[in-house]
């Protein structure tokens, strides 16, 4: 009996290794784990400001909507981004849509802020990637991607 368990385990690992050779699976995994890591890292950085001073990225129009200070609002944004990253890790179909919607909000913020259309365009590309992840996650759930 122990022999069959060990054989099944080796067979499962062999199938998993073979599946990772598929370009579709590689693309899915890159998007899945990239859109897990990026929101978590950007979200955590809202608390430590190692990459940049995130407070300067909040458009005054959005700052006026928040009952919090600009800094506290950006801390809340960071917490939401971390949660979104974990959602992508656990439920990429839904998490990809959440991150895409969040990026849409960031794009609107950057356009309202002015002078950052290059960053808004980059975030548009990221939004498309998050939407692609959500669609690929559907295929992954249906076992259409090895």
note = Taking R0 as 41 Å and r as the Cβ-Cβ distance between residue 53 and residue 138, the FRET efficiency 1/(1 + (r/R0)^6), rounded to the nearest 0.05, comes to 0.60
request  = Only helical DSSP H runs with n ≥ 4 go in: add -39500 (n - 2.57) per run for the chain, normalise by residue count and round the 222 nm mean residue ellipticity to 500 deg cm²/dmol.
outcome  = -28000 deg cm²/dmol
inquiry  = Below 8 Å between Cα atoms, with a sequence gap of 6+, how large is the relative contact order for the chain in percent?
reply    = 27
task = Please list 97-103, 110-116 highest first by mean number of surrounding beta-carbon atoms within 10 Å per residue.
result = 97-103, 110-116
query = Given (i) 23, 17, 14; (ii) 38, 20, 16; (iii) 38, 16, 12, which label gives semi-axes √(5λ) of the Cα gyration tensor in Å as computed from the coordinates?
reply = (iii)
inquiry  = Could you tell me the center-to-center distance, by alpha carbons, between the range 70-120 and the range 35-50 in angstrom?
reply    = 11
message = Which one, 93, 21, 46, has the greatest fluctuation when you compute a Gaussian network model over the chain with C-alpha springs under 10 angstrom?
response = 21
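Every read-out reported here was derived from the displayed coordinates using simple, explicitly stated rules and does not represent laboratory data. From a predicted model like this one, the values you see are computed outputs, not experimental measurements. All Cβ positions, glycine included, derive from the backbone under ideal geometry; neighbour counts span all protein chains shown.
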